[in-house]
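S.K.: Below is the structure I would like to discuss, written out as structure tokens.
The values are calculated or read from the model by the stated rules, or taken from the named source; none is laboratory data. Predicted model only: the values in this text are computed from it and were never measured. So basically every Cβ, Gly included, is an ideal-geometry build from the backbone, and we count neighbours across all protein chains shown.
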Amino acid sequence: MQRSVLKNYAKLLARKGLNVQKGQDVVISAEIEQEEFVLMVAEECYRAGARRVFPEWTYQPLAKLNAELRSLEQLSRVTPWEEEEQRRQTQTLPARLYITSEDPDGMQGVDPEKYAAARRARSAVLKPYRDARENKEQWCIAAAAGADWAKKVFPREKSAARAVERLWRAIIDASRANGNPVANWTEHDKDLADRCAFLNGLGLASLEYESAGGTKLTVGLMREGLFAAGEESTLSGIPFNPNIPSEEVFTTPKRGEAEGIVYSTKPLSYQGQLIRNFSVRFEGGRAVEVHASQGEAALKKMIAMDEGAAYLGECALVPYDSPIRNSKVLFYNTLFDENAACHLALGRGFFNCVRDFEKYSDEELKRLGVNDSMIHVDFMIGCEDLSVTGVTATGARIPLFRDGNWAFDTKGKD
Ligand code: ZN
């Protein structure tokens with residue numbers, strides 16, 4: 001990939017993704033093979049005024065080895081220095097960039113039960129620190145082309161280098177990072193904000209999903225709920241883009257109100273394991289029955305991670321005609337595939353999808369209906385013939401999606 005293109009993309013992540021502030025620390029989490037790209041991003045963060053950039057290097061084959069060979073007790077451990085670092089970060093509030101590039105299947109073979117138990121134990125210790133930073137720090141998840149990931153996406157390419165080149169191309173296109181990426185995102189964020197304003201003016205009480213594939217699901221919405229998209233702001237008012245790319249308009253549904261069945265339309269990569277062709281049936285808001293042609297055990301583990309893991313945390317609307325789906329590339333990575341299709345998420349909801357959420361305590365927000373869990377896992381349900389109807393508190397039915405695409409227009413005319 002051309003250096004100038006990558007540099008512009010790095011600038012996009014520093015300026016629009018994180019929006020690094022003068023004197024702010026930055027934490028960049030990335031696989032070791034991304035050292036060149038991390039260097040470019042670090043430079044852009046310093047140009048934006050960063051005080052110090054901390055890399056957090058990861059290496060998936062070593063993570064796999066750890067998961068296989070360390071005891072459950074060892075794997076569950078949070079060291080005092082890790083905890084101290086987390087505590088420090090709740091005070092310094094660094095901007096946090098996650099660069100994803102790992103093999104979506106790279107953890108295959110790891111005992112899902114052991115892995116989940118260790119994660120649960122670590123999360124119990126670390127969650128208070130994460131909660132203390134929530135909505136206070138800018139963060140962004142974006143991608144870089146990793147060699148093993150590229151081979152999975154383009155298996156017929158003879159050389160790894162060719163596959164990596166094609167994956168970079170796909171990432172840049174999907175991320176609207178051609179030409180002047182910063183300007184592209186200013187415009188894109190405006191479009192998404194207009195859609196949210198329209199939806200938030202309707203006073204919706206529920207969403208009804210239906211498709212020929214068998215999906216027939218009703219999901220309740222909170223009266224105080226809000227649709228959000230693209231750019232977000234920290235509580236102190238710093239705008240940032242948590243996902244690059246991002247095409248979705250999403251909200252947090254009301255816990256306890258989901259009835260019916262939904263069918264996945266794309267495989268789900270969960271903790272390095274692929275789950276294919278699955279369905280989830282909901283009763284009283286809770287996932288009570290799941291089936292999958294592959295990875296059913298991992299799916300069952302997932303919804304049993306904790307009490308909230310079987311409840312919905314997100315409803316996201318993405319037109320079937322999105323730039324990512326039109327690229328016809330199946331990325332096997334949620335960041336991209338979730339922006340190619342309408343999706344739901346099991347697990348934690350978003351406090352900031354409640355109107356004036358900062359006025360409520362966490363407990364009050366949960367009582368209003370925001371689900372809580374240590375997991376938040378998106379799965380794709382969008383397809384060519386998906387229809388989504390919004391139903392208002394007074395029973396009016398408003399078509400939001402027809403044949404997989406937006407059924408309303410916010411541009412120019414009315
Ligand atoms: Zn989403």
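S.K.: Of all residues in region 32-41, which are of a type in the set (A, V, I, L, M, F, W, C) and either in contact with an Asp or Glu (Cβ under 7 Å, 6 or more places away or on another chain) or over 12 Å from Tyr9 (Cα atoms) (or both)?
M.R.: Residues satisfying the conditions are Ile32, Leu39.
S.K.: Something else now. Go through (1) surrounded by fewer than 23 Cβ atoms within 10 Å (Cβ to Cβ); (2) over 17 Å from Ala309 (Cα atoms); (3) away from the ligand (no atom under 12 Å from the Cβ); (4) not small (Gly, Ala, Ser) for Phe331 and report which single condition fails.
M.R.: Checking Phe331 against (1) surrounded by fewer than 23 Cβ atoms within 10 Å (Cβ to Cβ); (2) over 17 Å from Ala309 (Cα atoms); (3) away from the ligand (no atom under 12 Å from the Cβ); (4) not small (Gly, Ala, Ser), the one that fails is (1).
S.K.: Okay, next question. Taking the condition of being farther than 23 Å from Ile275 by Cα, small (Gly, Ala, Ser) and out of contact with any Phe, Trp or Tyr (no Cβ under 9 Å at 6 or more places or on another chain), how many residues in region 94-122 meet it?
M.R.: Count: 1.
S.K.: For region 297-310, how many residues meet the condition of being within 18 Å of the chain's Cα centre (by Cα) and not in a helix (DSSP H, G or I)?
M.R.: Going through region 297-310 one residue at a time, the tally reaches 0.
S.K.: Which ones in region 382-409 are over 24 Å from Gly203 (Cα atoms) and either within 16 Å of the ligand (Cβ to nearest atom) or assigned to a strand (DSSP E or B) (or both)?
M.R.: Within region 382-409, none qualify.
S.K.: I've got another one for you. Check Ala345, Ala340, Ala316 and return the single one that is farther than 20 Å from Gly260 by Cα, within 13 Å of the ligand (Cβ to nearest atom) and outside any helix (DSSP H, G or I).
M.R.: Ala340
S.K.: Can you tell me which of (1) under 30 Å from Ala144 (Cα atoms); (2) modelled with pLDDT of 95 or more; (3) buried (at least 23 other Cβ atoms within 10 Å of the Cβ) is the one Ile303 doesn't meet?
M.R.: Evaluating Ile303 over (1) under 30 Å from Ala144 (Cα atoms); (2) modelled with pLDDT of 95 or more; (3) buried (at least 23 other Cβ atoms within 10 Å of the Cβ) leaves (3) as the failure.
S.K.: Could you check region 243-258 and list, in sequence order, the residues that are more than 10 Å from the ligand (Cβ to nearest atom) and not hydroxyl-bearing (Ser, Thr, Tyr)?
M.R.: Within region 243-258, Ile244, Pro245, Pro253, Lys254, Arg255, Gly256, Glu257, Ala258 meet the criteria.
S.K.: Something else now. Which residues, taken from region 237-276, are in a strand (DSSP E or B), touching a Phe, Trp or Tyr at 6+ places or on another chain (Cβ under 8 Å) and not aliphatic (A, V, I, L, M)?
M.R.: Phe240, Phe250, Thr251, Arg255, Gly256, Glu259, Gly260, Tyr263, Ser269
S.K.: Assess whether Met374 counts as being outside the structural domain of Lys136 (by TED's automatic domain parsing), closer than 23 Å to Lys152 by Cα and either touching a helix residue (DSSP H, G or I) at 6+ places or on another chain (Cβ under 7 Å) or more than 13 Å from the ligand (Cβ to nearest atom) (or both).
M.R.: The answer is no for Met374.
S.K.: Further question on the same structure: Report yes if some residue within region 282-296 is hydrophobic (A, V, I, L, M, F, W, C), surrounded by fewer than 19 Cβ atoms within 10 Å (Cβ to Cβ), more than 15 Å from the ligand (Cβ to nearest atom) and outside any strand (DSSP E or B); otherwise report no.
M.R.: So far as region 282-296 goes, no, none of its residues is hydrophobic (A, V, I, L, M, F, W, C), surrounded by fewer than 19 Cβ atoms within 10 Å (Cβ to Cβ), more than 15 Å from the ligand (Cβ to nearest atom) and outside any strand (DSSP E or B).
S.K.: Which one of these does Glu113 not meet: (1) loosely packed, with under 14 Cβ neighbours inside 10 Å; (2) in a loop (DSSP other than H, G, I, E, B)?
M.R.: For Glu113, the exception is condition (2).
For (1) of a type in the set (A, V, I, L, M, F, W, C); (2) surrounded by 13 or more Cβ atoms within 10 Å (Cβ to Cβ); (3) in a loop (DSSP other than H, G, I, E, B), each residue gets a yes or a no:
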position: Gln34; (1), (2), (3): no, yes, no
position: Phe37; (1), (2), (3): yes, yes, no
position: Glu44; (1), (2), (3): no, yes, no
position: Pro55; (1), (2), (3): no, yes, no
position: Leu65; (1), (2), (3): yes, no, no
position: Leu75; (1), (2), (3): yes, yes, no
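S.K.: Additional query: Taking the criterion of being under 18 Å from the mean Cα position of the chain (by Cα) and within 13 Å of the ligand (Cβ to nearest atom), would at least one residue in region 350-358 satisfy it?
M.R.: yes
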